[in-house]
Amino acid sequence: MTQAPGNSDRFVIAVDGPSGTGKSTVSRKVAAALNAGYLDTGAMYRIVTLAVLNAGIDPADEVGVANLLPSLMFASPVDPAEQVHTLAGEDVGRSIRSVHVTTAVSEVSANPAVREWLKERQQQLAGAGRMVVEGRDIGTVIAPDAALKIYLTASEEVRASRRYKEVGAAGRTPDLAVVRAAIAHRDNYDSNRLHAPLQAAADAIVIDSTDLDIAQSVEAVLVLAAQRGIRWDGIR
């Protein structure tokens with residue numbers, strides 16, 4: 001049964017979409033505005049990918065990756081104001097955004113053992129209360145009964161430009177053509193993988209952020225949330 005609307009202490013807003021749409025930033029700001037938790041499921045896949053690489057395992061080795069999973073210890077923060085991701089107690093927030101991890105994360109996240117292992121954790125966190133959860137299969141797999149499902153998209157050109165600026169701001173020297181090719185490759189890989197492919201849920205509302213800035217995208221989601229009775233008025 002789909003979650004009932006209303007200003008309750010329990011809801012899930014699912015935000016899915018491809019890279020470069022502003023999905024993470026929009027989701028965090030929506031969570032903050034609604035006094036809700038925020039879960040970045042993509043970061044969880046990146047942490048597993050970092051662990052795989054640190055262990056010297058080939059990301060394509062499905063059995064080797066699956067065998068590593070039981071030994072992993074990591075924390076998945078749900079505070080939108082303080083996203084500290086740790087692996088074995090170490091802050092890996094910067095490491096999981098490295099080119100090394102970015103290159104390998106699609107292959108690791110396509111591993112059915114990884115997806116199943118993380119699914120239980122993601123569903124437990126998503127069901128903890130007021131939550132905004134973002135990723136690529138939230139509305140279709142992780143929270144199919146979410147009160148509101150958003151599919152955030154944008155043109156490939158705009159997404160490449162945003163990622164180009166993001167990488168540059170991180171101190172690296174990107175090549176726009178390379179960034180755009182990487183986004184196109186990731187789109188194709190994620191959309192055509194066998195397990196939990198990237199796709200909009202049948203009942204998701206598509207928001208095209210090509211001509212929207214972050215504030216406008218956040219406002220669009222909050223308006224849709226309010227229409228479903230999801231808001232924050234300071235009263236529990």
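Quick rundown of the values:
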{"read-out": "Verdict on Val179 being of a type in the set (Val, Ile, Thr), modelled with pLDDT under 85 and either surrounded by fewer than 18 Cβ atoms within 10 Å (Cβ to Cβ) or within 27 Å of Ala160 (Cα to Cα) (or both)", "value": "yes"}
{"read-out": "Some residue of region 118-135 being charged (D, E, K, R), touching a residue at least 40 places away in the same chain (Cβ under 8 Å) and crowded, with 19+ Cβ neighbours inside 10 Å", "value": "yes"}
{"read-out": "Wholly enclosed strands (runs of 3 or more DSSP E) of region 117-224 bearing at least 1 residues among the basic types (Lys, Arg)", "value": "130-135, 148-153"}
{"read-out": "Region 41-59, residues that are within 11 Å of the chain's Cα centre (by Cα) and either over 22 Å from Met73 (Cβ atoms) or open to solvent by 10 Å² or more (accessible area, probe 1.4 Å) (or both)", "value": "Gly42, Tyr45, Arg46"}
{"read-out": "Conditions (1) closer than 20 Å to Gly127 by Cβ; (2) within 14 Å of the chain's Cα centre (by Cα); (3) surrounded by 23 or more Cβ atoms within 10 Å (Cβ to Cβ); (4) not charged (D, E, K, R); number of the one not met by Gly20", "value": "(1)"}
{"read-out": "Unmet criterion (only one of (1) of a type in the set (A, V, I, L, M); (2) at pLDDT below 85; (3) open to solvent by 90 Å² or more (accessible area, probe 1.4 Å)) for Ala202", "value": "(2)"}
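The values are calculated or read from the model by the stated rules, or taken from the named source; none is laboratory data. It should be emphasised that the depicted structure is a prediction, and the values quoted were computed from it without experimental measurement. Backbone-built Cβ (ideal geometry, glycine too); neighbour counts: all protein chains shown. These accessible areas exclude ligands, DNA and RNA; they are computed on the full protein's heavy atoms, side chains included. Shrake-Rupley method; radii C 1.70, N 1.55, O 1.52, S 1.80 Å.
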